[in-house]
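Trainee: Structure below; questions to follow.
Any read-out appearing in this document is the output of simple, stated calculations on the displayed coordinates, not a laboratory observation. Because the structure is a prediction, the values reported are computed rather than measured. Methodologically, a virtual Cβ is constructed for each residue, glycine included, from the backbone with ideal geometry; neighbour enumeration extends over all protein chains shown.
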Amino acid sequence: MIEPKIFYRKLDSIQNQIGKQTTGKDFLFHIAKELENLLGKDLHLTNGVIYEKNEDEFILISNHDNRSTRIKENIAIESKSIQTLLQNKIYIYDSKEMTFEGWQDLNNEYTIPAALTVSSPENRWIILFELKDGWEREDVEFCLNAVRTALNYRLVSDSVKNDMEQAVQIQKSLLPQEAPEIKGLDIAGNSIPAELVGGDLYDYFDFGNDCLGFCVGDASGHGLPAALVARDAVTGLRMGLEKHMKMVHTLKKLNTVIYKSVYSSRFISLFYAELEQDGNLFYVNAGHPSPILVKDNTVEELDSTGLIFGALPEIDLRRSFTRMEKGSVLTLFSDGIIERSNNNGEDFSVKRLTNVIIENQKLPASEIRDKIFEEVFSFGNNCSWEDDVTVVVIKRL
């Protein structure tokens, strides 16, 4: 099993490339190569090839320069292997009952291909990779399904421009319009998508004068697929969280919802916490960048207590605890903040973010928030945001 955090980062990078590349003649070829370069070693896959639909058959349009496998250049749509793939969207041809036509190496021995199919309003393609010894079904299927979903969205996105404008308004309605007024707390947050809509989210849950719930999340990828995951997470939390309800139980149920989602990129990191009036802070961190708790020069990072949502049908989560003393500042953020890079290829980093918080901790929460956005934007040479960015600041007065 690949280490989930590393897997998530690499897969997110591929989805970023899918969003940035021009959908021209070589689009699918570049993405297939990127998948091999970033995850080929981890997934034990190589030698990607692409078929394009032409009337009643699929025709080979790209071949790997160094491949040693003989493959057919034309395959009928009605063939059993093609029909199986079209029904399942992704498929690994690893059984005697189901093989892919003509997929033999130079010794005439069958090698195992893994395939996904993607489509635009005008056409359909098949991308196949050869699997080497050591591959794991769960890892390969999860990756191919995430890439397939992102590619499908990218290929049809131009035709739904008007729908995207509606999605902007829907997403705005899901994010808090203002922070709750809680005695003894100063709260401020904001989220800026890199595209019209994004996968970052944050929310507040007012359980009364004695307890405040709050969260920050980051769905994989950008644009509409990520926004759909964020929507599922926000609505799931609002429906499931209640005062005195066990947070771990609720979040495990939310993971199941995200995992079963069909029309989205399917995984998301999430930090959720409940702050009591006396400063007791209970939290769950599902693979999200660690929030930073600062008081004077003392710094505590609230590290992960479980895996990201959506990667597996069931995940282990545990609740953790810390104290938020009077005068302390808690800052939650998405990875778009710390991974913003400058012309030298340096990331803004957790260290720089921590320094900004320490230097400005005496300011109101809204000014700390604004200062973070200003510093990060300037660090990236005032260029447009390449990733969704979110910051939530909570001060205990």
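Trainee: Would you please classify the overall shape of segment 175-396 from the alpha carbon gyration tensor, given that a ≥ b ≥ c denote the square roots of the eigenvalues, rounded means a/c under 1.5, and beyond that prolate means a/b larger than b/c while oblate covers the rest?
Mentor: Judged from the Cα gyration tensor, segment 175-396 comes out oblate (a/c at least 1.5, b/c at or above a/b).
Trainee: Using DSSP to call loops (not H, G, I, E or B), can you name the GluC sites (Glu not before Pro) in segment 176-246 whose Cβ has at most 11 other Cβ atoms within 10 angstrom?
Mentor: Sparse-neighbourhood loop GluC sites (Glu not before Pro): Glu178, Glu181, Glu242.
Trainee: Next question, about the same structure. Hey, for a label at Asp347 modelled as a point 7 Å past Cα toward Cβ, could you say which residues of segment 10-25 have their backbone N under 15 Å away?
Mentor: Only 10-14 fall inside the zone, counting backbone N under 15 Å.
Trainee: Could you identify which residue out of Leu293, Leu175, Leu38 has the top mean-square fluctuation in a GNM of the chain using Cα springs shorter than 10 Å?
Mentor: The residue with the greatest mean-square fluctuation here is Leu38.
Trainee: Tell me which label goes with the value of mean projected area of the Cα convex hull in nm² computed from the coordinates here: (i) 22.9; (ii) 20.5; (iii) 19.5.
Mentor: Evaluating mean projected area of the Cα convex hull in nm² on these atoms matches (ii).
Trainee: A further question on this structure: Glu73 to Leu196: FRET efficiency via 1/(1 + (r/R0)^6), r the Cβ-Cβ distance, R0 41 Å, to the nearest 0.05?
Mentor: Efficiency for this residue pair is about 0.50.
Trainee: So what is the calculated 222 nm ellipticity per residue for the chain, using -39500 (n - 2.57) for each DSSP H run with n of 4 or more, over all residues, to the nearest 500 deg cm²/dmol?
Mentor: After summing the helix terms and dividing by the residues of the chain, the value is -11500 deg cm²/dmol.
Trainee: If each residue's Cβ is checked for other Cβ atoms within 10 Å, how do Arg148, Arg369, Arg137, Arg124 rank with the fewest at the top?
Mentor: Ranked by crowding around the Cβ, least crowded first: Arg137, Arg124, Arg148, Arg369.
Trainee: Select from segment 294-397 those GluC sites (Glu not before Pro) which occupy a DSSP coil region and have at most 10 other Cβ atoms within 10 Å, ordered by residue number. Can you show the working numbers first?
Mentor: Details: sites: Glu300, Glu301, Glu314, Glu325, Glu339, Glu346, Glu359, Glu367, Glu374, Glu375, Glu386; in loops: Glu314, Glu325, Glu339, Glu346, Glu386.
Hits after loop and neighbour filter: Glu314.
Trainee: Looking at the chain as a GNM with Cα springs under 10 Å, which of Gly223, Gly24, Gly327 has the largest mean-square fluctuation?
Mentor: Maximum among the listed residues: Gly24.
Trainee: Tell me, what is the percent relative contact order of segment 175-396, built from C-alpha pairs under 8 Å that lie six or more residues apart? All intermediate terms of the calculation are to be shown ahead of the outcome.
Mentor: Values: 507 pairs, mean separation 53.2, N = 222.
This gives 24 percent for segment 175-396.
Trainee: Using DSSP to define loop residues, name the trypsin sites (Lys or Arg not before Pro) in segment 275-319 whose beta-carbon has at most 11 other beta-carbon atoms within 10 Å.
Mentor: Passing sites in segment 275-319 are Arg318.
Trainee: Separate question: If you place +1 on the Cβ of every Lys and Arg and -1 on the Cβ of every Asp and Glu, how big does the dipole about the Cα centre of the chain come out, in debye to the nearest 20?
Mentor: 560
Trainee: Between Lys246 and Glu97, take the C-beta separation as r, use R0 = 41 Å, and let me know the FRET efficiency to the nearest 0.05.
Mentor: 0.35
Trainee: Please report Cys143, Cys211, Cys383 as a ranked list, fewest other C-beta atoms within 10 angstrom at the top and most at the bottom.
Mentor: Numbers: Cys143 24, Cys211 17, Cys383 11.
Fewest-to-most Cβ neighbours within 10 Å comes out as Cys383, Cys211, Cys143.
Trainee: For each of Met239, Met324, Met247, count neighbouring Cβ atoms within 10 Å of the residue's Cβ, then give the residues from fewest to most.
Mentor: Arranged by neighbour count, lowest to highest, Met239, Met324, Met247 become Met239, Met247, Met324.
Trainee: Compute the helix-to-body angle for 247-260: its Cα long axis versus the longest principal axis of the chain, expressed 0 to 90° and rounded to tens.
Mentor: Helix 247-260 sits at roughly 30 degrees to that axis.
Trainee: What is the sum of charges, Lys and Arg at +1 and Asp and Glu at -1, for the other residues whose Cβ falls under 12 Å from the Cβ of Leu116?
Mentor: Around Leu116, the surrounding residues sum to +2.
Trainee: Under 10 Å, Cα contacts only: if you run a Gaussian network model on the chain, which one of Asp133, Asp370, Asp278 comes out with the highest mean-square fluctuation?
Mentor: Asp133
Trainee: Still on this structure: What does the C-alpha gyration tensor say about the overall shape of segment 4-161? Classify as rounded when a/c is under 1.5, otherwise prolate if a/b is larger than b/c, or oblate. Intermediate results must be reported in sequence, preceding the final value.
Mentor: Details: a/c = 1.64, a/b = 1.15, b/c = 1.43.
The shape class here is oblate.
Trainee: Give me the percent relative contact order of segment 4-161, please, defined on Cα pairs under 8 angstrom at least 6 residues apart.
Mentor: Relative contact order of segment 4-161: 23 percent.
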